[in-house]
Amino acid sequence: MSAPGRLVVVATPIGNLGDLSPRAAAVLAEVDVVACEDTRHTGRLLSAAGIRTRRLASLHAHNEAARTAELGNLLAQGASVALVSDAGTPLVSDPGARLVQAAVRVGAVVTAVPGPSALLAALVVSGLDTAHFRFEGFLPRTGPERRRRLEVLAVAEEPSVLYESPRRVAATLAALAAACGTDRRVVIARELTKLHEEVWRGTLGAALAERGEGERRGEHVLVLDGAPAPKSAPLPGIEEALGRLRGAGLSVRDAALAAEVLLGLAHRDAYRSALAAGSPPSGEGPEPPVR
Ligand code: SAM
């Protein structure tokens, strides 16, 4: 029995052929099979880049189960397979997750040739916080799940990256404004890496006023800023906290223990502060430190 094969997840350009890396080209030329969403689309990319492949196999939303089984068998027999999508990084709002799972199951080596993705390209030009962010992908078009996602977006404190088709951008901006308020900042990244690349920055209200009507052509990514952090009440000072605990009827010992655990006070300091915090409820005498 031959050793299991190799699956390489290969990122391809999101609009600019120059973004196909030399390593991506080398892998696509050397593997036994290139699995792609649309053989004509990937065929054009490969011929524009001067790459000859042994075999192209379509793998898309409608044949994913059957094709994954077939490719999984090839991987189990030792074949090398590259996985690409129409643009960007496979599995990011694109098919391929099942194939990766199948490859893992049969013990194939799974590697990536990282590269273009509209998600990261939009995020890094947005000017918003990049230390923490969320990827929302495409919002569901209707139904309770769409409402639920919008509720999540309304309160998420990190920027969220959304994909959208040009026909639905205006409706999505309106839905976001209704859920998050018109003051929330948004960045609209259109046609990234292409001739008519555009990055628009403003509020959802301004986006609706300036861009809500008329459809704009091309691929869009929306980067929605995070919600402001809720204002939390300042923590009470230690004396005040102990005073409240004593006022609530806790003994000196219990109040000290609570301060020790909750506020991180040293045991002796907690006990002293609890003693100083106020007179014990009637009938309670002074207690010795617990330890
Ligand atoms: N897997 C791809 C990736 O890594 O970016 C995304 C695939 S998803 C089916 C396609 C969506 O990506 C488009 O609807 C658009 O939201 C976004 N997109 C792709 N290329 C883009 C580009 N050049 N400029 C802006 N958005 C783009």
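Overview of results
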| read-out | value |
| --- | --- |
| Flag for GLY5 being over 17 Å from ALA87 (Cα atoms), open to solvent by less than 20 Å² (accessible area, probe 1.4 Å) and of a type in the set (Gly, Ala, Ser) | yes |
| Any pair with Cβ under 8 angstrom, 6 or more apart, that starts in the range 168-187 at a residue that is in contact (Cβ under 8 Å) with a residue 24 or more places away in the chain and ends at one that is of a type in the set (S, T, N, Q) and part of a helix (DSSP H, G or I) | VAL187/SER126 |
| Filter pass, VAL124 being open to solvent by 40 Å² or more (accessible area, probe 1.4 Å), of a type in the set (A, V, I, L, M, F, W, C) and without any contact (Cβ under 8 Å) to a residue 12 or more places away in the chain | yes |
| Tabulated pairs, the range 91-120, first farther than 22 Å from GLU197 by Cα, second among the acidic types (Asp, Glu), C-beta under 6 angstrom, 6+ apart or interchain | PRO95/GLU64; ARG98/GLU64 |
| Yes/no for GLY247 being modelled with pLDDT under 95, within 28 Å of GLY15 (Cβ to Cβ) and either in the same structural domain as PRO159 (by TED's automatic domain parsing) or not hydroxyl-bearing (Ser, Thr, Tyr) (or both) | no |
| Any hit, the range 143-162, residues being within 16 Å of the ligand (Cβ to nearest atom), closer than 30 Å to ALA3 by Cα, modelled with pLDDT of 95 or more and β-branched (Val, Ile, Thr) | no |
| Leading residue by the ranking (nearest to THR42 (Cα to Cα)) among those in the range 75-99 that are away from the ligand (no atom under 14 Å from the Cβ), part of a strand (DSSP E or B) and open to solvent by less than 10 Å² (accessible area, probe 1.4 Å) | ALA82 |
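The values are calculated or read from the model by the stated rules, or taken from the named source; none is laboratory data. Keep in mind it's a predicted model, so treat the numbers as computed, not measured. Neighbour counts are summed over all protein chains in view; Cβ atoms, including those assigned to glycine, are modelled from backbone coordinates with ideal geometry. When the accessible area is computed, the model is the full protein with side chains, heavy atoms only, and any ligands, DNA or RNA have been set aside. Shrake-Rupley method; radii C 1.70, N 1.55, O 1.52, S 1.80 Å.
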